[in-house]
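Trainee: Below you'll find the structure I mean.
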Amino acid sequence: MQMDSKGKLIPVIEGRKICKRFSSKRGEKTVLEDIDLSVSENEFVVLFGPGQCGKTTLMNILSGLDVPTSGTVYCDGEIVQRPAPERGVVFQAMALFPWLTVRGNVAYGLKARGVPRDEWMERSDYFIKLVGLEGFEDAYINRLSGGMKQRVGIARAYCNDPKVLFMDEPFSALDAQTRYMMQDEIARIWETEKKTVVFVTNNIEEAVFLADRIILLTNCPSHVKKEYRIDLPRPRDYTSRDFLLLRDEITKQMDSTL
Amino acid sequence: MMDTKKLKQLAKDSVYGLISVCVFLCIWAFGVRTSDIGIVMPGPGKVIYEFIQSFFVPIGKYTMPGHILWSLYRVLPAYIVGSVLGIVIGIAMGWFRYVNSFLRPLYEMIRPIPPIAWIPISIVWFGIGEGSKWFIIFLAAFVPVVLNSISGAKSVDPLLLKCGEMLGADKKYIFRTIVLPYSVPYIFSGLQVALSASWATVVAAEMIRSSEGVGWIIISSMDTNNVTQSLVGIVGIGIVGFILAVMMRELEGRLCRWTVREN
Ligand SMILES: Nc1ncnc2c1ncn2[C@@H]1O[C@H](COP(=O)(O)OP(=O)(O)O)[C@@H](O)[C@H]1O
Ligand SMILES: [Mg+2]
């Protein structure tokens, strides 16, 4: 954790007045409008909003995959302009390398940065095990199920030891059963390997189950509607009274933004 | 592992294939027997018999395997050089913007010219020996390989490139570990087209002047009005072309186990 000259804590990720406009043949479209947010160390923040509201766009900007039209993103106090290994991303579209095996994908970042073989073998072993893919080290991606692919994506991002981990609706392509399982897994992995996480979803249960804090985004042009701090004890129970109350409250809030 | 269902499907496919070949041979045999074509054209039985004969009894200086080896000797070196150069230039054009701006006009000028149109020029440049044949087969291979390599390097998924950068790879590493492997299936489809084109062009190349090769079998049959020999040559060219294509697919299957192109 870093402090500035006045001894104030510097957030790991901070977005100031972020705006994003896309211009196309059919004119200009403002997707993000004046978004301010900050994420502190080891916090699990969920960006929650309706489909097509600009969650992916915001996440791309925060991680440096895209640039804002105006406004600035800071990571540990430094301006973010391009993707970098300290900001790991798990993509909605997975974006795995099909010509590499599970291990090849997971160890890609370490190898790219010239980490010695012993070390990347050991680290990739650890994370492949952590996401439950032991025995599939040498399998090619196209032989895996959707849930397993997403696990590879998560292991790949973790293995690179980023400061912040961005996850863009990682479970949206999975069936309900697998989804519940993966939510449990992510909660467990996050408890084992503490990390700052920015998690994007449009599923309220997922949001309440995982988040320390939920940032509620409105429809396009998107801005921050409200923030919720979730203090329910972990591991959480989807059916507990408090869980359901929170879920209903946020759902109501959300409906009023539509 | 193949399961029984796939095996059954395969058996069915081969039966249908066999039926079509049989029907074709029957129509041929029937046509030759019942019409005037029979005067100039042999039936399938005779062609097949002569084809088998050609493995033991030389046509001209060599038996069929000898002619095939001669033709392969002309095709393979030129094909390999044309392919390697085609891959290098095509990938460079597809990936580096200014290489493309620089070379594109030249390439577009060469692209529509059929390789055999180069025969007279190639004789002027390389004489009537093997050089001129290698040259036009080189062109036959080079052109399609360049085209497919360009489209491979151009169509690399931008998300994967960003992903590489996100994971900490530099430009060189991204080129080596993302751009190249992404292009491999495209390159193979170019290599496949180029192989057929090269093999087809050898017949024309052997028209330049030769006294051996499968192309020569065809050319010399024209001089002697030997239709059977011409058909035997065609069968030889067809079978070798087929075997080359199968070997190429096998190689592709081995080199890119992650994605075997659907045909
Ligand atoms: N590159 C782009 N060009 C033009 N419009 C875009 C682009 N990317 C996203 N958009 C628009 O921005 C809006 C939000 O998209 P996105 O961030 O993907 O939403 P979400 O992830 O919340 O579903 C969509 O309406 C989409 O049409
Ligand atoms: Mg999205």
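The values are calculated or read from the model by the stated rules, or taken from the named source; none is laboratory data. In this text, all values refer to a predicted model and were calculated from it rather than measured experimentally. Reconstructed Cβ throughout: ideal geometry from the backbone, glycine too, with neighbour counts over all protein chains shown. Only protein heavy atoms, including side chains, enter the accessible area calculation; ligands, DNA and RNA are left aside. Shrake-Rupley method; radii C 1.70, N 1.55, O 1.52, S 1.80 Å.
Trainee: For segment B:133-209, what is the accessible area per residue in Å² when the probe is 1.4 Å?
Mentor: With the other protein chains kept in place, segment B:133-209 gives 35 Å² per residue.
Trainee: If you average the alpha carbon positions of segment B:114-154 and of segment A:162-205, how far apart do those two centres end up, in angstrom?
Mentor: Comparing the Cα centres of segment B:114-154 and segment A:162-205, I get a distance of 55 Å.
Trainee: Pairs A:25/B:171; A:111/A:226; B:61/B:133: which exceed 30 Å Cα-Cα?
Mentor: On the way: A:25/B:171 32 Å; A:111/A:226 41 Å; B:61/B:133 20 Å.
Check vs 30 Å cut-off fails for A:25/B:171; A:111/A:226.
Trainee: Find which of B:121, B:204, B:141 sits farthest along the positive direction of the dipole of segment B:64-258, computed with +1 on the beta-carbon of Lys and Arg, -1 on that of Asp and Glu, about the Cα centre.
Mentor: B:141
Trainee: Next up: At a cut-off of 40 Å², which residues of segment A:110-141 become less accessible once all protein chains are present than in their chain alone, using a 1.4 Å probe?
Mentor: A:112, A:140
Trainee: Take B:170, A:76, B:223 and sort them by solvent-accessible surface of the protein heavy atoms, 1.4 Å probe, largest at the top.
Mentor: Most to least solvent-accessible, the answer reads B:223, B:170, A:76.
Trainee: Let me check against my output: what whole-number percent is the relative contact order of chain A, with C-alpha pairs under 8 Å and at least 6 apart?
Mentor: Taking the mean separation of contacting Cα pairs over the length of chain A, I get 25 percent.
Trainee: Shape verdict for segment B:64-258, please, from the Cα gyration tensor: rounded (a/c under 1.5), prolate (a/b greater than b/c) or oblate.
Mentor: prolate
Trainee: With an 8 Å Cα cut-off and a minimum separation of 6 or more residues, compute the relative contact order for segment A:96-161 in percent.
Mentor: 51
Trainee: Let me ask something else. How would B:134, B:216 line up by accessible area, probe 1.4 Å, largest first?
Mentor: B:134, B:216
Trainee: Also: Listed here are the pairs A:163/B:162; A:149/B:162; A:195/B:154; A:20/B:162; A:17/B:172; which of them are more than 25 Å apart at the Cα?
Mentor: A:195/B:154; A:17/B:172
Trainee: Let me ask something additional. Kindly sort B:25, B:167 by accessible area of their heavy atoms, largest first, with the probe set to 1.4 Å.
Mentor: Largest accessible area first, the list is B:25, B:167.
Trainee: Another question, if that's okay. Could you work out what % of the accessible surface of chain B is carbon and sulfur, using a 1.4 angstrom probe and leaving DNA, RNA and ligands out of the count?
Mentor: 71
Trainee: Sort largest first and round to whole Å: the equivalent ellipsoid semi-axes of segment A:96-161, each the square root of five times a Cα gyration tensor eigenvalue.
Mentor: The equivalent ellipsoid of segment A:96-161 has semi-axes of 18, 12, 10 Å.
Trainee: What accessible area, summed over both chains, is buried at the B-A interface (1.4 Å probe, Å², nearest 100)?
Mentor: The contact between A and B buries close to 1900 Å².
Trainee: On to the next question. What does the highest-first list of A:139-148, A:217-226 look like by mean Cβ count within 10 Å? Walk me through the numbers on the way to the answer.
Mentor: On the way: A:139-148: 16.0, A:217-226: 18.7.
The densest-packed peptide leads the list: A:217-226, A:139-148.
Trainee: Note down the accessible area of residue B:108, probe 1.4 Å, to the nearest 10 Å².
Mentor: The accessible area comes out at roughly 70 Å².
Trainee: Quick one: give the max-minus-min coordinate of the C-alpha atoms of the protein assembly as shown along each principal axis, largest first, in Å.
Mentor: Rounded to whole Å, the extents work out to 98, 54, 53 Å.
Trainee: Among B:19, B:219, B:174, which one moves the most in a GNM of chain B with springs linking Cα atoms closer than 10 Å?
Mentor: B:19
Trainee: Let me know the charge dipole size of chain A about its Cα centre in debye, to the nearest 20, where only the beta-carbon of Lys, Arg (+1) and Asp, Glu (-1) is charged.
Mentor: 700
Trainee: Go ahead and set up a Gaussian network model of chain A, Cα springs under 10 Å, then flag whichever of A:111, A:149, A:20 fluctuates most.
Mentor: A:111
Trainee: Relative contact order, percent, of segment B:26-185 when contacts are C-alpha pairs under 8 Å separated by at least 6 residues?
Mentor: Averaging sequence separation for qualifying contacts and normalising by length gives 22 percent for segment B:26-185.
Trainee: Follow-up question, since we're still on this one. Report, as an integer, the average count of C-beta atoms from other chains found within 10 Å of each Cβ along A:97-103.
Mentor: Details: counts 10, 6, 11, 4, 2, 0, 0.
Counting Cβ atoms of other protein chains within 10 Å of each residue's Cβ and averaging gives 5.
Trainee: With everything on Cα atoms, drop me the angle between helix B:130-154 and the longest principal axis of chain B, reported from 0 to 90° to the nearest 10.
Mentor: 40
Trainee: Under the definition of partner shielding as Cβ atoms of other protein chains within 10 Å of a residue Cβ, what is the mean value for peptide B:167-174?
Mentor: Per residue, the average neighbour count from other chains is 6.
Trainee: Shape of segment B:1-94 from its Cα gyration tensor (a ≥ b ≥ c, root eigenvalues): rounded if a/c is under 1.5, otherwise prolate when a/b > b/c, or oblate? Can you show the working numbers first?
Mentor: Working: a/c = 2.30, a/b = 1.27, b/c = 1.82.
Verdict is oblate for segment B:1-94.
Trainee: Would you mind working out the magnitude of the charge dipole of the protein assembly as shown relative to its Cα centre, with +1 at each Lys and Arg C-beta and -1 at each Asp and Glu C-beta, to the nearest 20 Debye?
Mentor: Numbers: 58 positive and 52 negative charges, 178 e Å.
For the protein assembly as shown, the charge dipole is close to 860 debye.
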